[in-house]
1. Pull up all non-local amide H partners of Tyr166: gap of 5 or more, or a different chain, and H-to-H distance under 5 Å with H placed in the peptide plane.
2. Along Cα→Cβ, 7 Å out, is where each label goes; now give me the distance between the ones at Asp235 and Asp278 in nm to one decimal.
3. What is the list of residues in segment 77-98 whose amide nitrogen lies under 18 Å from a point 7 angstrom out from the Cα of Leu205, following Cα to Cβ?
4. Once phi is turned into ³J(HN,Hα) by the Karplus curve 6.51 cos²θ - 1.76 cosθ + 1.60 with θ = phi - 60°, what whole-Hz value does each residue of segment 219-231 show in order, with x for glycine and proline?
5. At 7 Å along Cα-to-Cβ for each site, give me the label-to-label distance between Ala119 and Glu132 in nm.
6. Going Cα to Cα from Lys208, which lysines come in below 20 Å? Please leave out same-chain ones fewer than 8 positions away.
7. Sorted by accessible area with a 1.4 angstrom probe, largest first, how do His59, His258 fall?
8. Each label point is 7 Å from the Cα along the Cα-to-Cβ direction; what then is the distance between the points at Arg100 and Ser328, in nm?
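The values are calculated or read from the model by the stated rules, or taken from the named source; none is laboratory data. Since this is a predicted model, take the numbers as computed values, not measurements. Heads up, the Cβs are rebuilt from the backbone with ideal geometry, glycines too, and the neighbour counts pull from every protein chain shown. Only protein heavy atoms, including side chains, enter the accessible area calculation; ligands, DNA and RNA are left aside. Shrake-Rupley method; radii C 1.70, N 1.55, O 1.52, S 1.80 Å.
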Amino acid sequence: MTTIAQQAMLARAGMRGIVLAALPGIASAALRGIALAALLAGSAATAAPSAAVPASYAHRPEVSAFIDEMVADYDFDARALRRFFSKVRYQQSVVNAMSRPVLAPPKWYEYAPRFLSSARIDAGVAFWRANERTLERAQSEFGVPSEIVVAIIGVETFYGRNTGSYRVADALTTLAFDYPRRAEFFRNELKQFLLLMREQNTSPLAPKGSYAGAQGLPQFMPGSLRDYAVDYDDDGKIDLAGDVDDAIGSVANYLARHGWLADDPVMQPAEIDVDKLDQVERVLDGGISEQRSLQSWRHDGVSVSGIPEAPGADPTGVLMLEEEAEPSYWMVFNNWYVLTRYNRSRLYASAVWKLAQELKQAFAEE
């Protein structure tokens, strides 16, 4: 799911990527490429999908206009782009997935269990063991703990098991030209994808990803991939799908570039004075408050253990998570907000942190 990310869900929820994909999705891919990789992003405001969608995007006037734009702005070859679009296929299942109605946001107790299962924890410890040296290097260079990087990859794709089966070209083109609600966003992502493929000298018809066009273990969207992905094993190419080192380094770089503070907290249980609970709940919007100084929160009856009395310069927020019995309340800090840059959901950021804590404990005990 990446902004990077999410970033994979970035597209649908306004979120993913790395990310994010994003998610989601990252230090720009410094590879230059060949003409055929010239890909494109679809036009921003197009008609809604219908049974009359042309078999070939190459014949659509809005695609021709986009080709002209790519030629003028980025010196793409028009014939190569027309050949590319003649091979891209509209995917109704992509539109269906993006349009699936969300009747109500899930509660924390409904959302979290699948990410905190014993299977995901065990697989995460195995992934950590197999890539321990790379994770230690990333933590040393970027300040992002190993368990956080592993947890993001675990939440996004179950450590690479579920990276998506759609051709990225099909998904992005479908959404750029036949999903009007987010056409502008996906048109830009398709543009970034075409540029990326040219830089990497890769066929634009080759990469596979999610229905939103997010790629690799961390599910970075093309824009995040160009901005934040790194060639972490120095093999001359960025590969977030097949190169675990690149995926690890890219996630750590993404978080660092978005302001991760080494050794700072993410979230801590909050203690709220009983007579102030109603007042605090009134400032929660979708389960999260505005950001304030610790001193201000203490004045309003909210405190947290294990944090120095002198409030830091960075503002903090109060988070509510729905438990099956009664809500839990948390103080969230800068690094929690950094996690929301990968995916803007409060549930996502909290699940990453919770999984990271479970992984850290299981890794130490193994």
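1. Under 5 Å from the amide H of Tyr166 lie the amide H atoms of Gly209, each far enough along the sequence or on another chain.
2. A separation of 6.2 nm, rounded to one decimal place.
3. Of the residues in segment 77-98, 77-91 have backbone N under 18 Å from the label point off Leu205.
4. 6, 7, 6, x, x, 5, 4, 5, 7, 10, 6, 10, 8
5. 2.7
6. Here the lysines satisfying the reach criterion relative to Lys208 are Lys87, Lys191, Lys237.
7. Details: His59 155, His258 30 Å².
Correct descending sequence by accessible area is His59, His258.
8. Between Arg100 and Ser328, the label points sit 2.7 nm apart.
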